[in-house]
Structure formats: structure tokens, C-alpha cells
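Okay, so here's the structure we're looking at.
Just so it is clear, none of the values below were taken in a lab; they were calculated from the coordinates. Quantities reported herein were computed from a predicted structural model and do not represent experimental measurements. As a convention, Cβ positions derive from the backbone with ideal geometry for all residues, glycine included, and neighbour counts pool all protein chains shown.
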Amino acid sequence: MANAQVSSPGPVENIKWRSDVAAHDYSSAEAYLSLKLDSDAVGKAIKRLRKASLTRRRANDILRAAGLTAAPLDDPGVMKDLIKVIGGDRLSPVLVVSDGASADIADGYHRVSLVYRLDPYGEIPLKLA
């Protein structure tokens with residue numbers, strides 16, 4: 001009888017995620033969105049993000065919808081998140097704003113990039129508004 005092989009989880013499955021978005025990530029999203037939208041639109045987007053439920057999407061799909069390329073593993077922001085993962089820290093879910101035709105990563109680009117570089121099809125928890 002053949003021995004059953006138990007496969008260990010891949011690198012993305014080893015990433016621990018917080019159960020909700022860190023409070024400071026909403027501030028970061030607001031700062032980023034203020035570069036692209038007027039203050040009224042920013043306020044509405046942040047309000048929608050706070051009310052949104054967590055969902056999951058693949059890293060490659062998030063990047064495609066936002067029209068972005070993943071940052072490399074040696075990017076300082078990606079490295080910072082990788083160090084957190086290695087240390088056993090939980091990463092915050094990503095914040096994505098969509099207008100129906102396109103999407104924008106309001107906070108979490110480096111987290112999405114990290115997952116993409118480990119597994120392009122890895123799933124990421126996010127709030128989508």
C-alpha cells in the first residue's frame with residue numbers, strides 16, 4: 001500500500017489575516033483617495049468601505065481590475081509585509097474602491113503584491129465598495 005503524502009500549505013495559505021481592517025488603514029485609504037477624488041467623494045468612499053463586508057478575491061484579479069502590476073518582492077513596502085508574515089503577524093485586509101468600470105486599491109497595494117509574487121491566484125480578504 002502506498003504511503004499517503006501530506007502536503008504542507010503553500011506560502012499564501014501560511015499568511016495570517018486579521019478578521020477586520022486595521023483602523024489606520026482607513027486613514028491611509030483616505031489620504032490616497034484624496035489625491036484622486038474631491039473631499040465629498042472621498043468621505044462617501046470611506047463610509048462605504050467601513051460598512052462593507054469582508055470578501056475574498058484573487059491577487060491577479062485585484063491587480064487587473066486596478067490596472068496595476070505587482071511590485072517586486074524586493075520593494076520596501078512588500079519586504080515590510082513579508083517580514084510581518086515571517087514574524088507571524090496578521091496582515092490587514094485590503095481596501096478596494098470600484099466605480100463599476102474599474103477598481104482602485106485604496107489601501108493594501110503592497111499586501112496584494114506580496115501575495116501575487118508568492119501565488120498569483122492566492123486569495124486575499126478585502127472590503128470592496
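In whole Hz, with x marking every Gly and Pro, tabulate ³J(HN,Hα) for the stretch 14-29 from phi via Karplus 6.51 cos²θ - 1.76 cosθ + 1.60, θ = phi - 60°.
7, 6, 9, 10, 5, 7, 8, 6, 5, 4, 5, 5, 5, 5, 5, 4
For a quick check: with amide H placed at 1.01 Å from N, whose amide H comes under 5 Å from Arg18's, ignoring anything fewer than 5 positions away on the same chain?
Amide H to amide H, under 5 Å and 5 or more residues apart or across chains, Arg18 pairs with Leu91, Ser92.
Looking at the chain only, what percent of DSSP beta bridges run antiparallel? Nearest 5 please.
70
What stretch of the chain, leaving out the sites themselves, is the longest with no trypsin sites (Lys or Arg not before Pro) in a DSSP loop having at most 14 other Cβ atoms within 10 Å? It would help to have the intermediate numbers written out before the result.
Working: sites that count: Lys16, Arg18, Lys36, Arg90.
The answer is 37-89.
Among the aspartates and glutamates, select those whose C-alpha is under 12 Å from the C-alpha of Lys51, and discard any that sit fewer than 8 residues away in the same chain.
List returned: Asp20.
What does the convex hull of the alpha-carbon atoms of the stretch 23-128 project to on average, in nm²?
So the mean shadow area of the Cα hull is 6.5 nm².
If we count other beta carbons within 10 Å of each Cβ, what is the order of Tyr121, Tyr32, fewest first?
In order of increasing Cβ crowding within 10 Å: Tyr121, Tyr32.
What is the extension gain from Asp20 to Arg50, computed as 0.36 nm multiplied by their sequence separation minus the C-alpha to C-alpha distance, in nm to one decimal?
9.8 nm
With runs of 4+ DSSP H residues as the only contributors, calculate the mean residue ellipticity of the chain at 222 nm using -39,500 (n - 2.57) per run, divided by the residue total and rounded to the nearest 500.
Only helices count here, giving -12500 deg cm²/dmol.
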